[in-house]
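Values quoted throughout were computed directly from the atomic coordinates according to the rules given, and no laboratory measurement underlies them. Bear in mind that the values here come from a model prediction, so they are computed numbers and not experimental data. All Cβ positions, glycine included, derive from the backbone under ideal geometry; neighbour counts span all protein chains shown.
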Amino acid sequence: KGVSLFDGKTLNGWKGLAENWSVQDGAITGVNSADNPIKNNTFLVYEKPFADFELVLKFRIESGNSGVQYRSKLIDAEKFIVGGYQADIDASGRYMGINYEERGRGILAERGEVIAIDDSGKKSKSESCGDPEALKAKIKMEDWNEYRIVAKGSVVQHFINGSLMSEVRDSESAKRASDGIIAFQVHAGPPMKVQFKDIVIHQ
């Protein structure tokens, strides 16, 4: 049985900037508004670190870019700047499902890719987990979708609506993370809104 990280009513257990994060319609809601734009990406942080886990949640995005950070580090506690693995979410669909290392190595795996990273940081495409466009077609844009993030040892996988979107086998010991925090992103730039609910972690 999993542990719920969100009570459906409050941000208990989470920390972030009040102007960007609230609970609306029973969902954690992150906004970057036109009248109060943020200067850098900011995050809502769940403070307890997790190592190996399966995280399941529902998300919906209206315009812009977001993501779920995991095994990550809080870099700036005042601005809630986070770095680490990110299961990407974006309204255009270009980055949906990819693995992006925020403030780190950048894109580790595109949608449809299974990437192995060796100890020196060299990447190789060991196999495919599907056609990027066919996988994108399984995502309901501007509607609720299920993200499942599986982190086990050096392997991290992103599933959306039950389909594997990307996988990284990270053996770069100097840069990989074996544990860390979970956080949600509000992205700097154009106005955006993202929502999360039914957030459950299994360990």
Which distance in Å, rounded to a whole number, links the C-alpha centroids of the range 26-47 and the range 132-165? 22
Compactness of the chain as Cα Rg over 2.2 N^0.38 Å, two decimals: 0.95
Cα-projected label distance for Ser63 with Ser178, points at 7 Å along beta-carbon direction, nm: 4.4
Relative to the present Cα-Cα distance, how much length would full extension add between Arg103 and Ser33 at 0.36 nm per residue of separation? 22.9 nm
If I take all pairs of Cα atoms in the range 21-103, what percentage of them are more than 20 Å from each other? 36
If r is the Cβ-Cβ distance from Ser126 to Ser4 and R0 is 41 Å, what FRET efficiency results, to the nearest 0.05? 0.75
Using 7 Å Cα-to-Cβ label points, what is the Ser154/Lys48 separation (nm, one decimal)? 2.9
Could you tally the net charge around Asp119, taking each other residue with its Cβ under 15 Å from the Cβ of Asp119, Lys/Arg +1 and Asp/Glu -1? +3
Excluding Glu133 itself, calculate the net charge of residues whose Cβ lies under 13 Å from the Cβ of Glu133, where each Lys or Arg counts +1 and each Asp or Glu counts -1. +2
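For an R0 of 25 angstrom, estimate the FRET efficiency from the Cβ-Cβ distance between Lys79 and Asp198 and round to the nearest 0.05.
Working: r = 28 Å, r/R0 = 1.13.
Here the calculated transfer efficiency is 0.35.
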Please give the calculated 222 nm ellipticity per residue for the chain, where each DSSP H segment of at least 4 residues contributes -39500 (n - 2.57) and the sum is spread over every residue; nearest 500 deg cm²/dmol? -500 deg cm²/dmol
Between Lys138 and Ala188, the two model label points (7 Å from Cα along the beta-carbon direction) sit apart by a distance in nm of 3.5
